[in-house]
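Scroll down for the structure; my scribbles are underneath it.
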Amino acid sequence: MDNTQYISPRNIRGDASESKLIGSFLENKEIGQYVHESGIPFITISRQSSAGGHLLSQVLLSDMSRQNDPGGLFKDWHVFDRQLCETLAQNVQMHEAVKQLLREKYHSEFRDYMDSLFTGSSEKYMIHRMTCKVVHMLAAVGKVIIVCANACCITRGLKAGIHVRLVAPEARRMVWMMKRFGMNKIEAQEAIAEQDAAQKKFISKFFDRNVEDPLLYDAVWNTSRVEMHEISRAIIEMIRDRAGRVQREAS
């Protein structure tokens, strides 16, 4: 399922290749596309640990490339996860670039809202706050798939967002964790419990929401019963519908 290395919630880190990827994205994106009232479609993927979030993002990119797309709706999409967003938040050079974008593109209401969520002054709180702003900025630019549990809460005010959640039975997720990372049954169970608990605690603490609440999402899929390409096709149709809707509302 997920095609990234296992990252413990206690050990989030980035590297030079990730920084280069994000920097290239920021340089090449047409920031002028940003329109707060309507927006360009984006996707947030929340998932239980090892339920297939990263795999779905890659399937989506592949399926998008095969679309009959004269208008370019499915061109130049990018994938970001929590690790990449935290890398961006902590990289000094890109931090300044993002701060400039925030000054140019954000409304004061969002800044005030985010500042009210993270009132602490510790480094951890500052990283959380900047990461949330990065997620919101990426979503506002559009054509991004954000694999991050709290992205649906951060971007709730952007009309063009499509928010999905992936779930699967714990036994199936444990099997994948054991196979992918060479863990035994106890280690896989502990890793899954750690990730799921951290996700639930963060969203409850800072957004006062339950990550398992289906009303947070446009769709919830059980990846043990629904194939990734089937989910991908459904999301692509949702993107078409959402793009048409926000354009009609803006006109």
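Taking the range 211-247 as the range and being within 18 Å of R156 (Cα to Cα), part of a helix (DSSP H, G or I) and touching a helix residue (DSSP H, G or I) at 6+ places or on another chain (Cβ under 6 Å) as the test, only L216 passes.
Selection within the range 126-166: residues that are in contact with an Asp or Glu (Cβ under 6 Å, 6 or more places away or on another chain) and of a type in the set (V, I, T). The member of this set that is modelled with the lowest pLDDT is T131. Considering the conditions (1) crowded, with 21+ Cβ neighbours inside 10 Å; (2) at pLDDT 90 or above, D208 is excluded by exactly one of them, (1). Flag set for V220, criterion: at pLDDT 95 or above, farther than 25 Å from V141 by Cβ and either among the aliphatic types (A, V, I, L, M) or touching an Asp or Glu at 6+ places or on another chain (Cβ under 9 Å) (or both).
Does D63 meet the test of being among the charged types (D, E, K, R) and either surrounded by fewer than 20 Cβ atoms within 10 Å (Cβ to Cβ) or modelled with pLDDT of 90 or more (or both)? Write out each step before concluding.
Values: among the charged types (D, E, K, R): yes; either surrounded by fewer than 20 Cβ atoms within 10 Å (Cβ to Cβ) or modelled with pLDDT of 90 or more (or both): yes.
Yes: the conditions hold for D63.
The set of residues from the range 146-191 being of a type in the set (A, V, I, L, M), farther than 14 Å from V211 by Cβ and out of contact with any Phe, Trp or Tyr (no Cβ under 8 Å at 6 or more places or on another chain) comprises A168, A171, M174, V175, M178, M183, I186.
Taking the criterion of being touching a helix residue (DSSP H, G or I) at 6+ places or on another chain (Cβ under 7 Å) and either outside any helix (DSSP H, G or I) or within 20 Å of A51 (Cα to Cα) (or both), the residues of the range 146-159 that qualify are I146, V147, C148, A149, N150, A151, C152, C153, T155, L158, K159.
Residue-by-condition table, conditions (1) basic (K, R); (2) under 16 Å from S50 (Cα atoms); (3) free of Cβ contacts under 8 Å to residues at least 60 places away in the same chain; (4) surrounded by 14 or more Cβ atoms within 10 Å (Cβ to Cβ):
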site	(1), (2), (3), (4)
V144	no, no, no, yes
G161	no, no, no, yes
V175	no, yes, yes, yes
E187	no, yes, yes, yes
A197	no, yes, yes, no
P214	no, no, yes, no
I235	no, no, no, yes
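The values are calculated or read from the model by the stated rules, or taken from the named source; none is laboratory data. All figures in this text were calculated on a predicted structure; none of them were measured in a lab. Virtual Cβ from ideal backbone geometry, glycine too; neighbours counted across all protein chains shown.
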